[in-house]
Structure formats: structure tokens, C-alpha cells
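> Following this message is one structure expressed as C-alpha cells.
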2 protein chains.
Amino acid sequence: MATAWEQSYLTLRRRLADGTYPAGSRLREEELAAQLGVSRTPIREALRRLDAEGWLRVVPNQGAFAAEWSRQDIEEIFDLRALLEAHACEQAAMRPTATGVAALFAACEAGEACMPASTLAAMETVSDANVRFHQTIWEMSGQARTRSMLGTLAVPPMILRNFRHFDEANLRRSLAQHREMAAAIASRNPSLAGAVMRAHVEAGKAIFLAAAPQGTTGAAT
Amino acid sequence: MATAWEQSYLTLRRRLADGTYPAGSRLREEELAAQLGVSRTPIREALRRLDAEGWLRVVPNQGAFAAEWSRQDIEEIFDLRALLEAHACEQAAMRPTATGVAALFAACEAGEACMPASTLAAMETVSDANVRFHQTIWEMSGQARTRSMLGTLAVPPMILRNFRHFDEANLRRSLAQHREMAAAIASRNPSLAGAVMRAHVEAGKAIFLAAAPQGTTGAAT
DNA sequence: TCGGTGCCTTCTGCATACAATCGCAGAGCG
DNA sequence: CGCTCTGCGATTGTATGCAGAAGGCACCGA
């Protein structure tokens, strides 16, 4: 087993992502320690890292609060994702690996196999395939910092759940773009791959903003 | 006074930046605690954050090691800076503030006043003005995540000290670009401001790579 | 002489204890 | 009636102690 603080970090991050701790809610150290069966020390170290990565905000002498995301935050995150994902995509297209390309096409097929995604389970599968597709590109880029930055940008709840706002047509467009990117990467075409990725992320941004018209979006959504 | 762990974090980060702790060197908790006059607990929390930000690498049961930067790391960092600094620059040009623009021009003049920067002290002044210029743009962008990401990208020793590689002509070019960006921001021209910033960072990358031809660059340089 | 094994030292990982701080409630006062 | 100030409870901040892992070194055997 890994260190206790690392385990705590992973558990807390997952819970922050899936909405167990609503945006803005306070996280008390002792309570978390009891829940995870460790002492406050590793919890505090996990909280420091989550703070550094933007998952929560630690106020001295007041404690940790799950991050809240304003509309501006969302826009910024999508903009940064557009920049960084496109960069990663271009890098991946410069030196595609056989296993990486295979993984990309596998993710494409896994997603397409569920279409039309009428049931909730099918949506989950499509969403998982989507995450795998993007993560594969991050890996293929070979850019460690880009990967870790995207890891902290692309996982917040509202991004992960954006798929809920996708209708049938948008899902198909998204999957088609995935396939287009996979082909561009396989054929070593960085500018095409990057351009499609930019369009892909921008489309997601538009859908999200249209679905969440105003104000701050807590985890209540 | 702020919390001990925050103070420790700032002190350690400064020392990592200025080379007090050479790249690859091990940082022992008890030693740091003694140096900073605190116990190991706040030191550990500071180390966790420095790890998350890429300043050092913490290996379980082995301790913390000051980060080492390969040539690939350097290239990636400059590439990311080019993306993010240009983004910040565009954002700043969309809503320039009077005080921000004034600060930009002030930084320009502070740098130009030292030219030709023959003495070491003059170089320091130019370097400080350079840092202030960039940080002002980050602030003006109003993008919190962009700012914090750039904060972790633009400070590593080899970036900060890149000025040492600038000759007279490059310094003048750099200062001229600063003035061009300030003007573009003041006149609300995002695409010009962003393009100049991209060129500015790319030029720095080229100079750095030319000066450090190969291999990993520890703090020995 | 070389490889392996077991001890030993050192340092990190975690738990616990104590100190400091903050927010809040209620009393006292204007 | 409203304001302020103080005391208390709760929670975070820091220090310390102990257990366990990693690496080094000596000793032993081949």
C-alpha cells in the first residue's frame, strides 16, 4: 500500500470530483481523518496538495472549502484546455506510437459501439471512452508538465459531467472528431490534429455555457 | 505573521530558485526544520506543495530532491510559456486598466534606463523590471489559473537566469518587444499583443537553447 | 576475492498532545 | 434597541515521540 497521505489525496480528489463534497462545503480535518481511518497529519498533507491543484481552498485558521466555480472560471478552464489539449495533440502527432494509436482507435470504437446512447449505462461507457481518449493523447504527447496541468484542468466535476448536456447530434459530432484526431495523429499531421482538438474543446465549451446560462455553478447542478 | 508552513514554503521556493539547493540535491526535513526554526510538520506541508508545483520530487520513504531539468523539460516549459503568456497577454489587451498600463510602461522605462547594462547591478535591475513586466500582464489578464500556472512555469532557475545569456542586441530587442506589447495592450489590440508575446518567449527559448547546447542542466551552470 | 546476508544507523511516515486562533453567543453598556 | 466587548467552544497550527522502511557496512561463506 502506498503512503497514507497519497491514498487520502486520491480518495478526497475522487470525492470532490463526484460531488460527495458539494462546492463551497467545509471539510473538517478530524472528520476526514475519521472517515479515512488515519490521523490528521496525512489528511493535512493531502489537503495541501489538493489546494495547490485548485480542488479546494485552504484558509489559514479556518479550514478547507471545496472549490466553487464561477462562470468565468469555467470559461478560463475551457480556454486553457483548448490551448493545452491542442498542444498535446500536436506533440502526439509528431511521434505517434503504435500502442498509442491503437488505444485511440479502441477508445473511438468503444464510444461508437454505444451509440445511440439511450441508457444511462451507455452514457457512462461513452464518457469513460472519452476520458480514455483524451488521457491517451496526454500520454502520447510525452510532455510531463502538460499532462499534469491538463490533469488538474480537465477533471473538475463540471467538465466531467459536461456529457450530460450532449444531445445525440453532439455526441456523434464529438465521436467523429475523436476519430478525425486519431487519424490525424496516426498519419503524423500535427496541425490537423491540433486544429480538430481546438474545435473539439471549443464545441464542448459552447455546449456547457449554453446549458449553464449564468451565475456560479455549484455541485448542486 | 502568516503560518509557519507558508513561510517555509516561500523560503524554500526562493532558495530552490536562487540555487541554494542545487538541482538533484537531497533536502532533509530535520535539517530544513532546524534552519527555519520550526518543526518538521510545517516543513513537510511546504514540501508537499513544492512537490505539487514541480519544484522538487518527493519519493516515499526517501525524501525530497531538488528538481532537475533536462533539455526536453526546458523546451516544454518554454513552449507552455509561449502558449500561456500569449493567452494572458491577449486577455490583458481585452480590458486594460489604467494602473496596469502605467505599471507596464514603468517597467519598460526602468529596464531601458539601465541600458547599456554593463554592470552586474544593472543587469539585476533589468531582470527585475522584466519579471515585473510579465507579472503585471498576468495580473491584468484576470485569469487566476493562468496566473498560477505561469507562476510555476516562469520561475525555475534556468528561466530566471536566462538573462545572463542575453547580449546587448538581444536585451534591446527584448526591451523593444516589451514596449510594443505595452502599446498593444494600451490600445486594446489582443492579437498584436499576443503575437509579440509569442515571439518574445520563442526568442528567449532560442537564446537559451543555443547557450545550453546539450544534456541536462543542473544548477551547476 | 567476490557475493550474499543480517544488523545498524538514519531518516521518513504517522499518531498524538498541546498551543493558538477564530467565530459566535450573550451579557453589559450606551 | 443596538453596539461592543468578553468568554467559551470548536477547529486548526505546531511540536514531539515512536514505529517502520531504506541504505550502508561489516561479517560470513563460497
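The values are calculated or read from the model by the stated rules, or taken from the named source; none is laboratory data. Model, not experiment: these values are computed from the prediction. All Cβ positions, glycine included, derive from the backbone under ideal geometry; neighbour counts span all protein chains shown.
> Applying the selection to region A:101-118, what residues are crowded, with 19+ Cβ neighbours inside 10 Å and closer than 16 Å to A:Q135 by Cβ?
Across region A:101-118, the qualifying residues are A:A103, A:L104, A:A107, A:C108, A:G111.
> Of all the residues that make up region B:115-129, how many are of a type in the set (D, E) and over 12 Å from B:R164 (Cα atoms)?
Going through region B:115-129, the residues of a type in the set (D, E) turn out to be B:124, B:128.
In the following step, the residues that additionally are over 12 Å from B:R164 (Cα atoms) were identified as B:128.
Residues that pass the stated criteria total 1.
> What helices (runs of 4 or more DSSP H), lying completely within region A:1-110, carry at least 3 residues that are among the basic types (K, R) and within 16 Å of DNA strand C (Cβ to nearest atom)?
Values: elements: A:4-18, A:29-36, A:40-52, A:71-94.
Filter on region A:1-110 gives A:40-52.
> Additional query: Scan region A:12-23 and tell me whether some residue there is farther than 25 Å from B:D51 by Cβ, buried (at least 20 other Cβ atoms within 10 Å of the Cβ), more than 12 Å from every other protein chain (Cβ to nearest Cβ) and touching a strand residue (DSSP E or B) at 6+ places or on another chain (Cβ under 9 Å).
There is at least one residue in region A:12-23 that is farther than 25 Å from B:D51 by Cβ, buried (at least 20 other Cβ atoms within 10 Å of the Cβ), more than 12 Å from every other protein chain (Cβ to nearest Cβ) and touching a strand residue (DSSP E or B) at 6+ places or on another chain (Cβ under 9 Å).
> Something else about it: Exactly one condition in (1) within 15 Å of the chain's Cα centre (by Cα); (2) within 20 Å of A:S191 (Cβ to Cβ) is not met by A:E124; state its number.
(2)
> Only one of A:L47, A:L27, A:L56, A:L10 is within 16 Å of DNA strand D (Cβ to nearest atom) and farther than 17 Å from B:E6 by Cα. Can you tell me which? Give the steps one after another, and end with the answer.
Details: A:L47 fails: farther than 17 Å from B:E6 by Cα; A:L56 fails: farther than 17 Å from B:E6 by Cα; A:L10 fails: within 16 Å of DNA strand D (Cβ to nearest atom).
Sole residue among the options that is within 16 Å of DNA strand D (Cβ to nearest atom) and farther than 17 Å from B:E6 by Cα: A:L27.
Residues checked against (1) more than 9 Å from chain B (Cβ to nearest Cβ); (2) modelled with pLDDT of 95 or more; (3) more than 16 Å from the chain's Cα centre (by Cα); (4) surrounded by fewer than 22 Cβ atoms within 10 Å (Cβ to Cβ):
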{"site": "A:S39", "(1), (2), (3), (4)": "yes, yes, yes, yes"}
{"site": "A:A46", "(1), (2), (3), (4)": "no, yes, yes, no"}
{"site": "A:G54", "(1), (2), (3), (4)": "no, no, no, yes"}
{"site": "A:A64", "(1), (2), (3), (4)": "yes, yes, yes, no"}
{"site": "A:A67", "(1), (2), (3), (4)": "yes, no, no, yes"}
{"site": "A:D73", "(1), (2), (3), (4)": "no, no, no, yes"}
{"site": "A:L80", "(1), (2), (3), (4)": "no, yes, no, no"}
{"site": "A:E85", "(1), (2), (3), (4)": "yes, yes, no, no"}
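> Among the residues of region B:114-128, is there at least one that is modelled with pLDDT under 90, part of a helix (DSSP H, G or I), outside the structural domain of B:R14 (by TED's automatic domain parsing) and under 29 Å from A:Q143 (Cβ atoms)? Before you say what the answer is, go through the steps one by one.
Step one: list which residues in region B:114-128 are modelled with pLDDT under 90, which gives B:114-128.
Going one step further and asking which of them are part of a helix (DSSP H, G or I), we end up with B:120-128.
After this cut, where a residue has to be outside the structural domain of B:R14 (by TED's automatic domain parsing) as well, the list is B:120-128.
Still in the list and also under 29 Å from A:Q143 (Cβ atoms): B:127.
Yes, region B:114-128 contains at least one residue that is modelled with pLDDT under 90, part of a helix (DSSP H, G or I), outside the structural domain of B:R14 (by TED's automatic domain parsing) and under 29 Å from A:Q143 (Cβ atoms).
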